[in-house]
């Protein structure tokens, strides 16, 4: 499919990106469920300025680099493609052939979701669709003087704070059910989470980031993580 009409990013946004000032770049890069030319599917965009060739590969095309080549948008080093029929959860990577003939398979640096280690593929996931329940908390912030109120912070690493008896991690939703009541009962006013971005090695405690836009899949998907954050705003914990 010729995708020259697909515009995931404008020339002005490319300028801002090159200046380091496109502060919502995650809206333009990565994988996004969308509709294009009356087709439902996923748009992909990745910055690879020194690539000679880039393709999207995954389970949906047998990881075949010839199946879905990307186009170098405006010859600016931003490669784009649209693949019809893809849905949330699809595994994918970028096949990149460099100017020097080296071939590498890269996870998406702007992915919202990733495979759980030791696997390394990215997954398509839409952040839309979660029903936030934080309206009352947002309204209450206008009535509080946070700088004048006491603060007691509970710092926690989600993976090791509590675990199942068999050594498995708790899920984000299980953590919400157990951690937030514990914090409230002990008089803490704030939670400080040790790194939750995707990372390959459990022992790094998250300080070995491989996906800055993806909450780690060890404990669930992005909507599960949203649920944890949402629960922190409920009246009993806010």
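Observations on the model:
- Close pairs (6 angstrom Cβ cut-off, 6 or more residues apart or separate chains): closer than 18 Å to residue 70 by Cβ in the range 1-29, part of a loop (DSSP other than H, G, I, E, B) and modelled with pLDDT under 90 anywhere: 14/76; 28/8; 28/9
- Restricting attention to the range 142-165, the residues that are surrounded by 11 or more Cβ atoms within 10 Å (Cβ to Cβ) and over 23 Å from residue 182 (Cβ atoms) total 0.
- Residue check for residue 113: outside the structural domain of residue 222 (by TED's automatic domain parsing), more than 26 Å from residue 13 (Cβ to Cβ) and at pLDDT 95 or above: no
- Summed over the range 181-238, residues that are in a strand (DSSP E or B) and touching a helix residue (DSSP H, G or I) at 6+ places or on another chain (Cβ under 8 Å) total 6.
- Each residue in the range 19-42 was checked for being surrounded by fewer than 14 Cβ atoms within 10 Å (Cβ to Cβ) and in a helix (DSSP H, G or I), and 1 pass.
- Residues satisfying the stated conditions in the range 169-185, i.e. surrounded by fewer than 16 Cβ atoms within 10 Å (Cβ to Cβ) and closer than 13 Å to residue 155 by Cα: 182
- Top-ranked residue of the range 99-155 - restricted to ones that are outside any loop (DSSP other than H, G, I, E, B) and in contact with a helix residue (DSSP H, G or I) (Cβ under 7 Å, 6 or more places away or on another chain), ranked as farthest from residue 202 (Cα to Cα): 154
The values are calculated or read from the model by the stated rules, or taken from the named source; none is laboratory data. Worth saying up front: this structure is predicted, and the values here are computed from it rather than measured. Please note: Cβ atoms are built from the backbone with ideal geometry, for glycine as well, and neighbour counts cover all protein chains shown.
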